[in-house]
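These notes are about the structure you will find just below.
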Amino acid sequence: MEPTHEHQEQASQQQMEKELKQVFEKIPEEIPIYLFAQPGKNDVFTDAARQAIRYFRELTHKIVFREYNLSHDQAKKWNIENSPTILLDPEHYNIRWLGAPIGEEGRIFIETLIFVGFKKTGIGQQSLNVLNQINDKRAIKLFVSPSCPYCPQQAVHALKAAVEKPDLVSLEIIDIQANPDIAREYDAQSVPQTFANEMLIALGAQAEELFMLSLQKMEQQTMFIPDNDAEEIETDLVIVGGGPAGLSAGIYAARSGLKSVVLERDILGGQVATTPIVENYPGLTQIGGTKLVEILVSHALQYVQIFQGEEVMAVSKDHPLTVTTNKRRFITRAMLLATGATHKHLGVPGESRLSGRGVSYCSTCDGPLFSGQKVLMIGGGDSAVTESLHLKNIGVEVTLVHWTDKLEAQEVLAKQLTNSGIPILYNTTVKEILGEKSVEAVTVVNSQTNETKQIETAGVFIAIGYLPSVDLAEKIGVEKTLEGFIKQDSYRTNVPGIYAAGDVVGGFNQIVTASGHGAEAALTIFRDLLNYKSE
């Protein structure tokens, strides 16, 4: 006779209890549990909490259970206000449970008993490294429900933080069914939601490292880059720069069989990270710059190690190359400079405040947003003229503003500008960009007449040149072009073993072209190293 479903469940329950008893038997410490409740208030949850605690007491004698009314001195001692509230070993930890550990929350309670009883959590070393960077207090509020299968994962991470750092991290696990008023106060109608010091730091469940990073940074993190404490690392390729060119190069180099690392001294993504909206990256109609960076970095991390916050201090010209950063040494067969370039800024009031809100440095990126509207293009070189023609071509009413009486662009471009009918304000300098939430007007001054006036405009495009990041290239002795970019031939520089790609070599300064150049440079390096090996 086959066992019934009921018998199977009973057998499974008995097996689980047996395994829990075996774990609980090894617990070296007592687990003090206090239940605080107010008769007539949430009695259903109070009874459920009481039954759950008694159930676990039957599995281990290590639980020491006491129950108090909310009016008791012990409740006042620990500032208990909600019924029911469970405190777990309050002399050592600040962990409290507002509700009852039933349903999926039972899994959380089991982990809590184990962590508190053993006084250790098995936290990963990378997570612990992040947690150890927290130097001030974190009061975590984690909203859960008995029917949420994802809540235990997030709760376990929060418990690990509270047990590993009891002096800094406190934890409230809040059952939204038992405490709907608190859930409404925090607008936590979906779970899990994690708050720290009253700030939302995570929606949904996370990986352990990302939870700890969110707790440290006090905002939700979506990328985790593992630490590496090695003093010296041997590799085939060191890529300097964590923008689209560098990240793409890392992917293509690794897929070609080259062991590669990416070094980035500042923020990953370069200019992309500070771009509010990207609308011209193939396959993605519209995406935030930071989100695109997350996608690129997450992809690259599957292939290469990324070392953020590492600046190259010196490079030996012997082979293999020795690349010394502010943290370690890399012994490498080749190095790719993908250090990027930044737009030159006017440096006038309103420019940085309204960047991405009418102030733009890329007509290709943002021009379509201003179709049918008036904008100003600031500059008089090839880039400013070319971008003005582009804006005119896509239906933007553009006026060029230049600080001298003659354009610096090539004659053929200047003639095209004149023939297009685009107005030009010569001898005119921008003094301030105006607007509350977005650009509304610009204050300009005529250098010949000293006349100051305001021009109403929906946008300001600034094309006064780029500043390539070539400080490292100059240290190494890499040649530059007349415009100040790295000089290269098929991505090879004049220094053997040193390559360059992306915005630092000039070009169209687009995300897609930088990515393409990074990929092509990586393949070039692969072929060069392969040929060098075979010689």
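The numbers here are math on the coordinates, done by the rules we state, and not lab data. On a predicted model such as this, the values are computed, not experimentally measured, just so you know. Methodologically, a virtual Cβ is constructed for each residue, glycine included, from the backbone with ideal geometry; neighbour enumeration extends over all protein chains shown.
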For this session: Place the peptides 418-424, 236-242, 442-448, 191-197 in order of packing, highest mean first, counting for every residue the other Cβ atoms within 10 Å and averaging per peptide.
Result: 236-242, 191-197, 442-448, 418-424
Exercise. Between rounded, prolate and oblate, where does the stretch 12-217 land on the alpha carbon gyration tensor, with a ≥ b ≥ c its root eigenvalues, rounded for a/c under 1.5, else prolate if a/b exceeds b/c?
Worked result: rounded
Problem set entry | Mean projected area (nm²) of the alpha-carbon convex hull when the stretch 256-300 is viewed from all directions | 4.0 nm²
Exercise. Among rounded, prolate and oblate, which fits the stretch 335-466 when a ≥ b ≥ c are the square roots of the eigenvalues of its C-alpha gyration tensor, a/c under 1.5 means rounded, and a/b larger than b/c means prolate?
Worked result: rounded
Problem set entry | Acute angle (nearest 10 degrees) that the helix 151-164 long axis makes with the longest principal axis of the chain, alpha-carbon atoms | 90 degrees
Problem set entry | Relative contact order for the stretch 384-535, counting Cα pairs under 8 Å that sit 6 or more residues apart, in percent | 12 percent
Exercise. Amide H to amide H under 5 Å from Ile462: which residues, 5+ apart in sequence or cross-chain, H placed 1.01 Å off N in plane?
Worked result: Ser360, Tyr361, Cys362, Ile378
For this session: Place the peptides 310-317, 11-18, 501-508, 32-39 in order of packing, highest mean first, counting for every residue the other Cβ atoms within 10 Å and averaging per peptide.
Result: 501-508, 32-39, 310-317, 11-18
Problem set entry | Relative contact order (percent, whole number), the stretch 336-397, Cα cutoff 8 Å, 6+ residue spacing | 33 percent
Problem set entry | Rounded to 10°, Cα long-axis angle of helix 289-301 versus longest principal axis of the chain | 70 degrees
Exercise. At Glu232 and Gln13, where each label point lies 7 Å from the Cα along Cα→Cβ, what is the point-to-point distance in nanometres?
Worked result: 6.3 nm
Problem set entry | Distance from the stretch 168-195 to the stretch 73-138 (C-alpha centre basis), Å | 14 Å
For this session: Please list 153-164, 366-377 highest first by mean number of surrounding beta-carbon atoms within 10 Å per residue.
Result: 153-164, 366-377
Exercise. Once fully extended, how much extra length lies between Asp47 and Asn419, figured as 0.36 nm per residue of separation less the alpha-carbon to alpha-carbon distance?
Worked result: 125.5 nm
For this session: Using the Cα centre as the reference, give the magnitude of the dipole from point charges on the C-beta atoms of the chain (Lys, Arg: +1; Asp, Glu: -1; all else neutral), rounded to the nearest 20 debye.
Result: 420 debye
For this session: Using only the Cα atoms of the stretch 110-269, construct the convex hull and provide its projected area averaged over every direction, in square nanometres to one decimal.
Result: 11.9 nm²
Exercise. Could you give the alpha-carbon Rg of the chain over 2.2 N^0.38 Å, rounded to two decimals?
Worked result: 1.28
Problem set entry | Percentage relative contact order, the stretch 359-464, counting C-alpha pairs under 8 Å, at least six apart | 33 percent
For this session: Excluding residues fewer than 8 places away in the same chain, name every one of the lysines whose C-alpha is closer than 23 Å to that of Lys120.
Result: Lys18, Lys21, Lys26, Lys62, Lys137, Lys141, Lys160, Lys165
Problem set entry | Computed [θ] at 222 nm, helices only, for the chain once each DSSP H run of length n ≥ 4 contributes -39500 (n - 2.57) | -10000 deg cm²/dmol
Exercise. For the stretch 3-114, taking Cα atoms only, what is the radius of gyration to one decimal and the Dmax to the nearest whole Å?
Worked result: 15.3, 53
Exercise. Over the stretch 400-535, how many percent of alpha carbon pairs lie in each 5 Å bin up to the one with the longest distance?
Worked result: 2, 8, 13, 13, 12, 12, 11, 10, 8, 5, 3, 2, 1, 0
Exercise. So what is Rg over Rh here for the stretch 82-132, counting just Cα atoms and using Kirkwood for Rh?
Worked result: 1.03
Exercise. Hey, got the Cα dimensions of the stretch 283-334 along the principal axes, in Å, largest first?
Worked result: 46, 20, 16
Exercise. How much FRET efficiency would the formula 1/(1 + (r/R0)^6) give for Thr513 and Asp167, where r is the Cβ-Cβ distance and R0 is 45 Å, rounded to 0.05?
Worked result: 0.30
Problem set entry | Estimated inter-spin distance, Arg357 and Leu203, nm [label 7 Å along Cα→Cβ] | 2.2 nm
For this session: Excluding residues on the same chain fewer than 8 positions from Lys437, give the lysines whose Cα lies under 28 Å from its Cα.
Result: Lys217, Lys291, Lys344, Lys374, Lys392, Lys453
